[in-house]
Amino acid sequence: MNDMTPTREQREASLEGMGCKRKRVEDARFTQGKGNYVDDLKLPGMLHGDFVRSPHAHARVKSINTEEALKVPGVLAVITAETLKTVNLAWMPTLAGDVQMVLADGKVLFQNQEVAFVVATDRYAADDGINKVVVEYEPLPVVIDPFKAMDKDAPVLREDLAGKTTGAHGPRKHHNHIFEWTVGDKDLTDAAFRKADVTIKEMISYHRTHPSPLETCQCVCSFDKIRGELTIWGTFQAPHVIRTVVALIAKLPEQKIHVISPDVGGGFGNKVGAYPGYICAAVATIVTGKPVKWVEDRIENLTATSFARDYHMTTEIAATKDGKVTGLRVHVLADHGAFDACADPSKWPAGFFNIVTGSYDFPTAHLAVDGIYTNKAPGGVAYRCSFRVTEAAYCIERGMDILAQKLGMDPAELRLKNFVRKEQFPYHSALGWEYDSGDYHTAMKKMMDTVDYAGLRKQQAAQREAFKRGETREIMGLGVSFFTEIVGAGPSKNCDILGIAMFDSCEIRLHPTGAGIARVGTKSTGQGHETTWAQIIATEIGIPADNIMVEEGNTDTAPYGLGTYGSRSLPVAGAAIAMAARKIKAKAQMIAAYKLEVHEGDLEWDIDGFRVKGLPEKTMSMKDICWAAYNSVPPGMEPGLEAVSYYDPPNMTYPFGAYICVMTIDVDTGVYKIKRFYALDDCGTRINPMIIEGQVHGGLTEAFAIAMGQEIRYDPEGNVVTGSFMDFFMPTAVETPHWETDFTVTPSPHHPIGAKGVGESPNVGGVPAFSNAVNDAFSFLGSTHIQMPHDYWRNWKAAKSLGVFAA
Ligand code: CDP
């Protein structure tokens, strides 16, 4: 070896493979304003569509008069439900097995529901046209409170379902009932409660919120009449599914539909489903023969396309007097709004909420979820969440704190006592999941040691004494949260969307010079897939990550995939990438053996190529193998070096984490200060630690927003009172706390590279940490549970109700 020969470490480092803090390649364009988003697209002759929306939450639509609107200069067409009926598109199927009005058909069911679609030469003309459409409404009684939706005399919301006693998920008990979903052993659980020394029962609400990505939902549809082809550029997290849905409902041949997701500015679950805007723009391009753009504004996004959460969870835990949990019973009232448009895998009406036993070894549990209709926007999307996992984690993590309070035990100690132990994995939970791997005690203890948990509790005790003596008006809370996530939907045995199994895919094609392209069925909405997918390939086949171009989001070129949401990209597509790379490596080994004139079995892998066992100087690099693949392959072998993998995971992956929030609250003003926030995540094998940290920072910021103020709130008449960023809490760098991040590594035993997802974890674990901190602070004043969100006003009100102000 001469001085110029790179060392093994240098060769490895030059690949920038797994474990490397590789800089995000996509940022070169994003930071220079050179991204290419839907609204950047300007096609010749392009028209613009915009919606007339309902001011009422529930009303009969008596008439729609479009005469004056059509006289507005630039307005070319006004589409109503009557127009859509001529092409059988007045209603569309939802991902949850329900149907949804595309445009108001006889009545409206939530404020800002789409009533008519005005198509004009520009956005301003379309807006002018909207103001000239005259709609006559007859207001009807409104149901906003989910607890009143199933009253005997509650107004009938879905007249289209009259007489239907069965829905997509079984029997319906009431005219506003959608489904009941039960899991677990009821009798055994009831028995555990009868025998318990201690029980708790609390109604824990997770309020309605919204993913609010910075780029709203939008599309451009362009129909080529000559070819009979429809091209849709859109903000889609799952472009292939959109193509299939369009083929099914518009009855167009699937090969004639081209769906392209260009750069997407955040998804967080908001961009998984299909919205009326897409259907109307597609119909409008077919009718007018011109491309049609639809771009939602902020108010429309917050009030009409998707909400998240709105789960009201009556939570009961049974335990022994020394703090061993013996049973969990949860009933959820799930408010789905006007249509059941939840974006869950088909067979899971409440998503994966049955992960609600969390990280604890519950011998038995029972869960019942009732889905109901109200006069609110549809959605129920997985906002930075793997299908209702955030709700589940919040439910159990608040429940454990409430139990600790009742037992007079420290919340961390109670958790340590009840964790699933390392040797119990793979662990079968009482509600039916098989957790793949975990080491909860190590993670929890690392968190406690790092933050000096014992010291913090002493500080809190001292602060409480000072408060009692009247020396301070601040109370201090420690919010512990330990979550288990379930990500990577999912195995075809139990996960599908509209009957399509939730696999994912990758196609890798290597070029003669040792470079290549990887096309993947996922679609990054900011997670840095172009960076990390190349890192997996770099480590697997020894081609530098810089030499691999990653392409996603074009249904014509990418293999069929189910898209990006619920932290499924790495668990499913990441596995497909590794498997495709391994197929390439297997062929490369045959080529190397032929060229080196040895038997394949005599070769061993060495970072970026093969070498002959025992003869380290006899090597062939992957770069050289790429050339040979196009020039001199073994006789009988096809030339070229490419492979495709469709990966159907055998199980989900179960990331976990230990978080703690240290907070003080001024009881006179309700103003809180986040003193410290520490987040330890275990997502198995880590591909890019820098991107993971970014994911955790972003997710924690969303968790902070949700727990401390973000809410979609309605007044009793069904008006949305938080419909803009003036009222809907969207934290900026000014409000956002400082995050401390940490990790442990417990690989997934079934994933080809041992990786688990991470994108959702900080939202899942963060919200309970914040809420537990607030509740821990107030607990010493005698409170058990204060509902989120914990903004200044509500904190002040909580303090007031606990009698901390002198009369
Ligand atoms: O589905 P989504 O991309 O939102 O979530 P994910 O699978 O959790 O991945 C988010 C980003 O974090 C991707 O760029 C992953 O490659 C990266 N990641 C990682 O580097 N290592 C992990 N163990 C998990 C995720």
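One table, with the values for the structure above:
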| read-out | value |
| --- | --- |
| Rounded to whole Hz, the Karplus (6.51, -1.76, 1.60) HN-Hα couplings of segment 157-170, x for glycine and proline | 8, 9, 5, 5, 9, 3, x, 8, 8, 10, x, 5, 10, x |
| Average projected area [Cα convex hull, the chain], square nanometres | 38.9 nm² |
| Of all DSSP beta bridges in segment 658-807, antiparallel share, percent nearest 5 | 70 percent |
| Antiparallel %, DSSP beta bridges [both residues in the chain], to 5 | 80 percent |
| Computed E for ASP27/ASN631 - FRET, C-beta separation, R0 35 angstrom, nearest 0.05 | 0.45 |
| Shape box of segment 311-369 [Cα atoms, principal axes, largest first, Å] | 45, 19, 14 |
| Spatial separation of Cα centroids for segment 14-88 and segment 664-690, in angstrom | 36 Å |
| Share, in percent, of DSSP beta bridges within segment 474-625 that are antiparallel, nearest 5 | 75 percent |
| Around ARG421: net Lys/Arg minus Asp/Glu count, Cβ-Cβ under 12 Å | -1 |
| Per-selection Rg to Rh, segment 729-804 - Cα, Kirkwood hydrodynamic radius | 1.13 |
| Other-chain or far-sequence residues with amide H under 5 Å of GLU229's (modelled H) | ASP224 |
| 1.4 Å probe accessible area per residue over segment 360-485, in Å² | 31 Å² |
| Net dipole in debye of segment 236-334 [+1 Lys, Arg Cβ; -1 Asp, Glu Cβ; about Cα centre; nearest 20] | 200 debye |
| Kyte-Doolittle at least -0.5, axis length at least 15 Å by Cα - qualifying DSSP helices, the chain | 239-250, 276-288, 389-407, 440-451, 529-541, 575-596, 689-708, 761-779 |
| Long-range HN-HN contacts of ALA755 with modeled amide H, under 5 Å | THR685, SER748 |
| Surface share of carbon and sulfur [accessible, 1.4 angstrom probe, percent] for the chain | 54 percent |
| 5 angstrom amide H check on VAL72, placed H, neighbours 5+ away | none |
| Leading residue at positive end of dipole, segment 457-539 (Cβ point charges), from VAL487, GLY516, GLN459 | GLN459 |
| Sequence-distant aspartates and glutamates (8 or more away, or on other chains) whose Cα lies within less than 14 Å of LYS34 | GLU26, ASP263 |
| Low-density loop positions, trypsin sites (Lys or Arg not before Pro), segment 253-356 - DSSP coil, at most 16 other Cβ in 10 Å | LYS321, LYS324, LYS347 |
| 1.4 Å probe accessible area per residue over segment 211-297, in Å² | 30 Å² |
| Sites ASP39 and ASP449 - FRET efficiency at Förster radius 41 Å, r taken between beta-carbons, to 0.05 | 0.25 |
| Lys, Arg +1 and Asp, Glu -1 on Cβ, resulting dipole of the chain about Cα centre, debye, nearest 20 | 680 debye |
| CD proxy at 222 nm, helix term only [per DSSP H run n ≥ 4: -39500 (n - 2.57); per residue of the chain; nearest 500] | -8500 deg cm²/dmol |
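The values are calculated or read from the model by the stated rules, or taken from the named source; none is laboratory data. The structure displayed is predicted, hence computed values, not measured ones. Methodologically, a virtual Cβ is constructed for each residue, glycine included, from the backbone with ideal geometry; neighbour enumeration extends over all protein chains shown. Protein only, heavy atoms only, side chains kept; ligands, DNA and RNA dropped before computing areas. Shrake-Rupley method; radii C 1.70, N 1.55, O 1.52, S 1.80 Å.
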